[in-house]
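Below is one structure; the comments refer to it alone.
What follows is calculated from the coordinates using simple rules that are stated; it is not laboratory data. Keep in mind that this is a model prediction, so the values were computed, not measured. Heads up, the Cβs are rebuilt from the backbone with ideal geometry, glycines too, and the neighbour counts pull from every protein chain shown.
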């Protein structure tokens with residue numbers, strides 16, 4: 001009888017522990033996004049002006065990244081930027097950048113928005129916060145944030 005109870009209860013306990021770890025990671029990411037998103041927006045603005053610390057120049061009003069390419073920044077556990085993620089490392093995951101462990105990735109995608117009369121042309125920007133950065137793309141959790149930029 002005791003073995004039967006253990007056979008049912010033990011897998012449930014491990015499932016609850018695994019779900020608890022996922023919830024903790026999601027809560028940490030949501031907390032860190034308050035620090036990460038402004039850095040991302042500032043970096044995009046600086047890249048449009050050609051003076052970004054990490055991103056390549058991004059012409060204003062032009063969609064990015066190029067088709068098939070990836071544009072992403074790595075962030076440490078505390079939310080400070082580590083640098084631009086090398087193209088090949090994004091899909092496989094990145095454990096370290098700039099000699100520091102990476103925890104989060106922020107990827108960027110901008111496309112033209114529908115034209116409106118008497119309105120300037122804007123881009124729809126999606127910043128995707130992905131975690132853990134070391135995991136392959138298919139295994140990362142993500143949070144999407146949307147806005148419009150010139």
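Some notes on this structure:
- Helix-only arithmetic for the chain: the sum of -39500 (n - 2.57) across DSSP H runs with n ≥ 4, divided by the residue total, places the mean residue ellipticity at 222 nm at -12500 deg cm²/dmol.
- Here r is the Cβ-Cβ distance between residue 128 and residue 99 and R0 is 25 Å; the resulting FRET efficiency, rounded to 0.05, is 0.50.
- Per residue, the average separation of C-alpha pairs within less than 8 Å and at least 6 apart gives segment 14-148 a relative contact order of 19 percent.
- The protection proxy used here, the mean number of other Cβ atoms lying within 10 Å of each residue, ranks peptides 77-89, 50-62, 98-110 as follows, highest first: 98-110, 77-89, 50-62.
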